[in-house]
Amino acid sequence: MSSIPKIVIVGAGYGGILTAQQLQKELKHNEADVTLINRHDYHYITTHLHMPAAGTDTIEHSRIPIAQLIDEFKVDLVKGTVKEIIPKEKKIVLEDGSLSYDYLVIGLGGEPETFGIPGMDKFALTIRSINSVRLIREHIEYQLALYKNDGKPGRLNFVVGGAGFSGIEFVAELADRLPQLARAYDIDFNRIQIINVEAAPTALPGFDPELVEYAMDVLKRKGVTFRIGIPIKECLQDGVIVGEGEKIEACTVVWTGGIRGNGLIEKAGFEVMRGRVKIDDFLRAPGHDDIFIIGDSSLMFNPEGRPYPPTAQIAMQQGVLCAKNLAATLRKKELHKFVFSNKGTVASLGKGEAVAVVGKRKIKGWVAAQLKKIVDLRYLFIIGGIPLVLKKGRFF
Ligand code: FAD
Ligand code: NAD
């Protein structure tokens with residue numbers, strides 16, 4: 001039997017891929033066996049998914065075969081769905097078998113948080129994976145085709161629940177896409193409504209107010225209707241109930257009301273807050289020096305004591321440090337504390353428009369849209385170098 005320590009990474013998202021790639025650089029030959037388990041044999045670029053969801057970009061721009069991102073001489077790729085994590089037995093149960101580990105990295109991402117809103121799980125669509133956005137894209141076109149046959153007005157109403165970054169970026173793409181679809185389906189675009197419902201007193205809560213106003217103005221001009229300060233109370237097959245009981249008819253409801261940690265983590269017995277584990281400074285689960293949790297399933301607080309929002313940016317930085325700390329653990333060296341380096345925030349508002357905060361600078365319009373492209377291209381460069389930038393990059 002091999003005495004080489006076994007490192008298993010579950011989830012090949014932003015955190016998992018960066019961990020695997022950094023381990024390839026850090027570890028010497030035979031220092032550890034590394035296995036990367038992911039539900040699909042491709043990595044998807046979650047930060048792009050609002051575009052294929054609306055139909056403004058192809059699915060293929062948002063996914064990359066994992067085999068192209070790792071060195072399979074150094075990392076074993078297992079395509080499989082994790083069903084259970086059993087920390088006591090150091091075991092991962094897959095749909096078809098199980099694996100043991102000495103060290104585990106959990107990078108399983110998050111799940112939509114529905115806050116127990118009745119009907120949301122059942123009737124709303126969510127932007128979480130390639131498969132979920134395929135469904136949204138097909139559903140939108142199908143509603144327009146159905147409208148031409150049954151004339152049901154709710155088919156022309158598109159409700160997006162939540163005006164956080166995902167909601168805003170998605171309604172922007174919808175506003176770009178629906179005029180084209182309306183022409184293709186011989187429907188007057190003025191009859192189509194894109195309604196973004198937000199419970200908080202403002203869209204993009206916590207973001208710079210001047211940029212929020214700019215973003216809302218841009219989107220209103222593109223045809224988006226905002227219902228701000230009004231919570232969705234229930235989701236139905238043909239609409240949503242908001243505020244004090246008003247019904248908004250809509251055969252399409254896309255829920256972007258927030259995310260929680262992957263449900264497998266709570267089931268594994270970890271203490272969680274909204275499904276996320278409060279990890280230590282070295283990215284480990286409390287009481288488990290052999291388990292690192294990164295990305296959307298982890299919870300970390302900033303120096304002011306507020307939780308960092310779950311973003312690709314933080315997941316990537318955690319992935320790199322996680323690999324370094326795994327190598328340090330194997331070598332019985334000191335581990336490094338995680339320090340988040342905030343590179344800024346850019347939110348796309350559809351073609352040629354975006355808002356951004358970088359350091360103390362506020363940027364908007366075309367310049368911010370170019371910045372968004374640079375951020376996207378930078379990610380492709382980090383994980384796949386120039387060849388991936390040329391293959392998957394969006395330059396226009
Ligand atoms: P993920 O990237 O979600 O990866 C999780 C991986 O685990 C996936 O590959 C999944 O297939 C796999 N997996 C899940 N369950 C299982 C299972 N049971 N078995 C096997 N594999 C499994 N953040 C930013 O910083 N900037 C942005 O511009 C930005 N834009 C966004 C736009 C949208 C529309 C959305 C939805 C999110 C956006 N985010 C953005 C947030 C960002 O995408 C997430 O924070 C990031 O993806 C988290 O990375 P992760 O590694 O934790 O998980
Ligand atoms: P979020 O939690 O950031 O936003 C969800 C929004 O839904 C909030 O504004 C909330 O008030 C609202 N909401 C909750 N319950 C509601 C209800 N019942 N009715 C109406 N509105 C309700 O979630 P998200 O937008 O999916 O973002 C998830 C994470 O991904 C965040 O950390 C975000 O920063 C990140 N992200 C970043 C970008 C970017 O940087 N461009 C883009 C997308 C997502």
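Please treat every number below as a calculation from the coordinates, not as lab data. Keep in mind it's a predicted model, so treat the numbers as computed, not measured. Glycine gets a Cβ as well: all are built from the backbone with ideal geometry, and neighbour counts include every protein chain shown.
Look at the alpha carbon pairs under 8 Å that are at least 6 residues apart: their mean separation over the length of the chain gives a relative contact order of 18 percent. Taking every pair of alpha-carbon atoms in segment 229-330, give the share separated by more than 20 Å as a whole percent. It works out to 52 percent of all Cα pairs. Charges were assigned to the Cβ only: +1 to each Lys and Arg, -1 to each Asp and Glu. The resulting dipole of segment 120-257 about its Cα centre is roughly 400 debye. When you work out D = kT/(6 pi eta Rh) for segment 34-171 at 10 °C and 1.306 mPa s, using the Kirkwood radius from C-alpha pairs as Rh and the Stokes-Einstein form, the result is 89 µm²/s. The Rg/Rh ratio for segment 295-358, using Cα coordinates for both the radius of gyration and the Kirkwood hydrodynamic radius, is 1.10. Since only H50, I248, Q237 are under comparison, the one whose Cα sits farthest along the positive direction of the charge dipole of the chain, derived from C-beta charges on Lys, Arg, Asp and Glu, is H50. Size descriptors for the chain (Cα atoms only): Rg and Dmax, in that order, 21.7, 69 Å. Net length available on complete extension from K332 to T225 is 32.8 nm, with 0.36 nm assigned per residue and the Cα-Cα distance removed. Among A368, A328, A356, determine the one that fluctuates most according to a GNM of the chain built with springs between C-alpha atoms less than 10 Å apart. Result: A328 has the largest fluctuation of those listed. Give the residue from F292, V159, F395 lying farthest towards the positive end of the charge dipole for the chain; charges sit on Cβ (+1 for Lys and Arg, -1 for Asp and Glu) and the dipole is referred to the Cα centre. Of F292, V159, F395, it is F395. Evaluated with a Cβ-only charge set (Lys, Arg +1; Asp, Glu -1), the chain carries a dipole of roughly 820 debye about its Cα centre, given to the nearest 20. Computed from the Cβ-Cβ distance with R0 of 30 Å, the FRET efficiency linking K88 to Y308 stands at 0.55.
Only one residue of V171, L264, L211 has its Cα farthest out toward the positive end of the dipole of segment 156-304, where Lys and Arg carry +1 and Asp and Glu -1 on Cβ, and that residue is V171.
A Cα-only calculation for segment 91-206 places Rg and Dmax at 18.7, 61 Å.
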